[in-house]
Amino acid sequence: THHLGLGGGQLYLAELLEKMHAGHDFPCTVVAPGDGPLRHRMERQGITVHITAGYPLAGVDEYEGKVTELAALAMRGAFTHVLVNTLGAFIGADLGARLGLPVIWAVHESVTLPRFWTAAYPENLPHQYVRDRAEHALRKAHTVIFEAEATRRLLDPWVAGGRSLVVPYGVDNRQIARYCARVSRAAARRSLNLPEEDTLLLCLATIEPRKGQILIAEAFARTAAVTDRPGVMVLVGDQDTPYSQALKQFIAWRGIGDRILVEPVAEKAYRWYRASDVLVSAADLESMPRSMLEAMSFGLPIAATDVFGVGELLTDGETGLLAKAGCLSELDALLLRVAKMPDEERREMGDRGRALVQGQHDSSGYAQVYRGLLGL
């Protein structure tokens, strides 16, 4: 995998392994290029976690040295399959192909392969040899799994015919229902020191340019100026990056710091969903966000930009509100629709979204697909 921190792709893998009973029903080793909070969660499950010193990309010798290291690990463990999580962990697929092991590759990124290199490594483009190895590994993979049809179509030219599979993402609906039965909306707000009477709009995503939080802040400020129900916006996902610093400076300059809160990445996000009224997304690059599915399972309506798999999940006016990506006036109109929506209509939309996710997007479903592919 590419990462053991908190994020959609990382949590996808953690929950998948839990639902498959990895470490209990069968031995499993997770290889990651650095440590992170999910290591402890996996180790408690009985999974072995191997932390290696990054995945070298700059030259042939460095890359091949890492492949040799990981091959020695694989030979000692007598592995039968390789499961690769995200494009950024392509070295695992290359290793699996060289060892003659079936490779199952979960791709979350809604970008073409050339665009992936420039977007993921803007300052240090990987060596051409490394990029060639990744492309070769993608063609050799036994099965490449996508969360959305739109993402599959983007990468289909690099995948061997008949080897791609769309498996809609899922979340733990039972766990969410138990949480809602135990924790009220008012209690969640009190635990977060949030006002109980205001409409609370939540954007739960790593604060970074492709998620568009500065656009959200500007659109929220403009909408608040023309409505008598401005509400409160909470942006959860701060990692103290240059972009998040710019976001905070923008909010202060715009004079809306009393209505927009910026909060760190949440290891336990359920409180935020339970306390909120609407989930907002202005991303210009998404497949099928975990946060969106979780929010819908909590009964929140979604107001989002219509990119890639989002339009496959939401129907405008029924299970959410949609707008074109990358356009401030569209985002203005989207938040204005949210502000003008009566409470009862908002609850009904949230109920329809909850029914959709509970019926079609449970994590036990995609875990069963993976178990089948692994012959378990």
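Structure above, values below:
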{"read-out": "Carbon + sulfur, % of accessible area of the chain - ligands and nucleic acids excluded, 1.4 Å", "value": "51"}
{"read-out": "Inter-label distance for Q45 and Y129, nm, one decimal - labels placed 7 Å from Cα along Cα-to-Cβ", "value": "3.6"}
{"read-out": "Nearest 10 degrees, 0 to 90: helix 60-77 Cα axis against the chain principal axis", "value": "80"}
{"read-out": "Segment V60-K340, extension gain: residue separation times 0.36 nm, minus the distance between their alpha carbons", "value": "95.0 nm"}
{"read-out": "Under-5 Å amide H pairs with S281, H placed in peptide plane, nonlocal only", "value": "A303, A304, T305"}
{"read-out": "Point-charge dipole on Cβ atoms (K/R +1, D/E -1) for region 18-124, about Cα centre, debye to 20", "value": "300"}
{"read-out": "DSSP-loop GluC sites (Glu not before Pro) across region 118-156, with at most 10 other Cβ within 10 angstrom", "value": "E123"}
{"read-out": "Probe 1.4 Å - accessible area at M75, Å² to nearest ten", "value": "140"}
{"read-out": "Loop sites in region 280-374: GluC sites (Glu not before Pro), DSSP, at most 15 other Cβ within 10 Å", "value": "E318"}
{"read-out": "Charge-dipole axis of region 127-241 as Lys and Arg at +1 and Asp and Glu at -1 on Cβ define it, positive-most pick from P195, L165, C180", "value": "L165"}
{"read-out": "Surface accessible to a 1.4 Å probe, per residue, for the residues of the chain, Å²", "value": "44"}
{"read-out": "Descending semi-axes in Å of region 276-360, equivalent ellipsoid built from Cα gyration tensor", "value": "18, 16, 9"}
{"read-out": "Of L99, L285, L335, the one that fluctuates the most in a GNM where the chain has Cα springs shorter than 10 Å", "value": "L99"}
{"read-out": "Alpha carbon convex hull of the chain, projected area averaged over orientations, nm²", "value": "18.1"}
{"read-out": "J(HN,Hα) series, region 241-258, from Karplus relation 6.51 cos²θ - 1.76 cosθ + 1.60, nearest Hz, glycine and proline x", "value": "8, x, 5, 5, 5, 5, 4, 5, 5, 5, 4, 5, 5, 6, x, 10, x, 7"}
{"read-out": "Point-to-point label distance, R153-A72, nm (Cα→Cβ direction, 7 Å offset)", "value": "4.7"}
{"read-out": "Cα-based equivalent ellipsoid, region 201-317: semi-axes from gyration tensor eigenvalues, Å", "value": "21, 16, 14"}
{"read-out": "Expected-Rg normalisation [2.2 N^0.38 Å, Cα atoms] applied to region 1-48", "value": "1.01"}
{"read-out": "Exposure rank, largest accessible area first [H361, H3; 1.4 Å]", "value": "H3, H361"}
{"read-out": "Under 24 Å, Cα to Cα: Lys pairs in the chain, sequence gap 8 or more or different chains", "value": "7"}
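The values are calculated or read from the model by the stated rules, or taken from the named source; none is laboratory data. These figures come from a predicted structure and were not determined experimentally. Using ideal geometry, Cβ is built from the backbone for each residue, glycine included, and neighbour counts are taken over all protein chains shown. Calculation scope for accessible area: heavy atoms of the full protein, side chains included, ligands and nucleic acids excluded. Shrake-Rupley method; radii C 1.70, N 1.55, O 1.52, S 1.80 Å.
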